[in-house]
Amino acid sequence: MAVSIRNIEKFIDDTAVLRKKKASLMARAREIADSLAMGHGEVKEILGDKWSVRFFQVVISNPNHIKIGLEDLGGRFEDID
């Protein structure tokens, strides 16, 4: 499952413990992201095991995260038949 770098940012903003580390986490996200998109491995590298599991639980069930993903990643697959 691909997610947007904005999904990472929203998750960090919504998670008090991670907010304190936002600058370094987002810097790492920008370093390893393939444009806007990243997969499970990249998310795990940024957030670690515990938080990456929680991240994906939230992303697949939260309408705001789904909207972000559709906005940012929707156009990436237009050429696929």
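The values are calculated or read from the model by the stated rules, or taken from the named source; none is laboratory data. These numbers come from a predicted model, not from an experiment. Here Cβ is always computed from backbone atoms with ideal geometry, including for glycine, and neighbour counts include all displayed protein chains.
Just a few scattered comments:
- Qualifying residues in region 9-44 (those that are in contact with a Leu (Cβ under 7 Å, 6 or more places away or on another chain) and farther than 18 Å from ILE68 by Cα) - the one surrounded by the most Cβ atoms within 10 Å (Cβ to Cβ): LEU25
- Every condition in (1) among the aliphatic types (A, V, I, L, M); (2) surrounded by 11 or more Cβ atoms within 10 Å (Cβ to Cβ); (3) at pLDDT below 90 is met by ILE80 except one, and the failing one is (2).
- Of the residues making up region 1-27, those that are among the basic types (Lys, Arg) and either modelled with pLDDT of 95 or more or more than 12 Å from the chain's Cα centre (by Cα) (or both) are LYS10, ARG19, LYS20, LYS21, LYS22.
- Of residues in region 45-69 being out of contact with any helix residue (DSSP H, G or I) (no Cβ under 8 Å at 6 or more places or on another chain) and part of a loop (DSSP other than H, G, I, E, B), the one surrounded by the fewest Cβ atoms within 10 Å (Cβ to Cβ): SER61
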